[in-house]
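Every number in this text was worked out from the coordinates using simple rules, so none of it is lab data. Not measured: the values here are computed from a predicted model. FYI the Cβ positions are ideal-geometry reconstructions off the backbone, even for glycines, and counts take in every protein chain you see.
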Amino acid sequence: QQQVKQSPQSLIVQKGGISIINCAYENTAFDYFPWYQQFPGKGPALLIAIRPDVSEKKEGRFTISFNKSAKQFSLHIMDSQPGDSATYFCAAPLTDTGRRALTFGSGTRLQVQP
Amino acid sequence: DSGVTQTPKHLITATGQRVTLRCSPRSGDLSVYWYQQSLDQGLQFLIHYYNGEERAKGNILERFSAQQFPDLHSELNLSSLELGDSALYFCASSPRTGGGHTDTQYFGPGTRLTVL
């Protein structure tokens, strides 16, 4: 079911640094690319999302970059903080469900060191 | 707080048993989705209901079933439980069915199921 490939599996960044997480997909019918953030013991929470008609979307310290020709999208966390330590998932619509559900990447565990 | 509630928070049961997980969507949301999160399979879509009707199925086992009631809350029923069913089960809700494009989904806090 996994139709998006996420990397890296884990990431350690110093406080104030830039965290970059990448996702690749094959299905050109995907039209919505969200990133979810999950803290231990909690459900995933929508962080930021992009549709393929734009190449970049920024919300505060979080930016999605979208490369349609390469079929890749990435999450950049600027000025990373210890509070950003969490697991991040990229996702895309499951087209065989009429885009009604999401398929998730395998997740990236981010640790921001103080 | 996403506005989606799930009960119970934790559930410990034995193999062969049956359990029911409950989800209340955000106020006004018509769609409910169930996902399973396990260490080996990651976060996987199980089933989607819109306004009481089943709309899409994912990798849901035949031993599992769900329904959405007129008040829009949903229940996921897991029967003949096996050790491998131990996982986190999340419910998510969204305003619409998502037909044509994907709606933002808001996840609940999950139910941790342990099968001994």
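In segment A:1-56, which trypsin sites (Lys or Arg not before Pro) fall in coil by DSSP and have 13 or fewer other Cβ atoms within 10 Å? When the trypsin sites (Lys or Arg not before Pro) of segment A:1-56 are filtered for loop state and at most 13 Cβ neighbours within 10 Å, A:15 remain.
In chain B, Cα pairs under 8 Å separated by at least six residues give a relative contact order of 37 percent. Show me the GluC sites (Glu not before Pro) within segment A:1-72 that DSSP assigns to loop and that have at most 15 other Cβ atoms within 10 Å of their Cβ. Within segment A:1-72, the qualifying GluC sites (Glu not before Pro) (loop, at most 15 other Cβ atoms within 10 Å) are A:26. Per residue of B:33-45, other chain Cβ atoms within 10 Å of the residue Cβ number 4 on average.
By the beta-carbon count within 10 Å of each Cβ, the least crowded to most crowded order of A:46, B:11, fewest first, is A:46, B:11.
Taking every alpha-carbon pair under 8 Å whose residues sit at least 6 apart, chain A reaches a relative contact order of 37 percent. The label-point distance for residue A:18 and residue B:69, in a model that sets each label 7 Å from Cα toward Cβ, rounds to 5.1 nm. Panel order for A:64, A:12, by other beta carbons found within 10 Å of each beta carbon, from fewest to most: A:12, A:64.
Stretching the chain fully between residue A:72 and residue A:55 yields a gain of 5.1 nm (0.36 nm per residue, less the alpha carbon separation). The packing ranking of peptides B:49-55, A:89-95, B:104-110, highest mean first, is A:89-95, B:104-110, B:49-55, where packing means the average number of other beta carbon atoms within 10 angstrom of each residue. Restriction of the trypsin sites (Lys or Arg not before Pro) in segment B:1-35 to DSSP coil positions whose beta-carbon has at most 14 other beta-carbons within 10 angstrom yields B:9, B:18. Peptide A:37-43 is shielded by partner chain Cβ atoms: per residue, an average of 4 of them sit within 10 Å of its Cβ.
Across peptide A:64-74, the mean count of Cβ atoms from other chains lying within 10 Å of each residue's own Cβ comes to 0.
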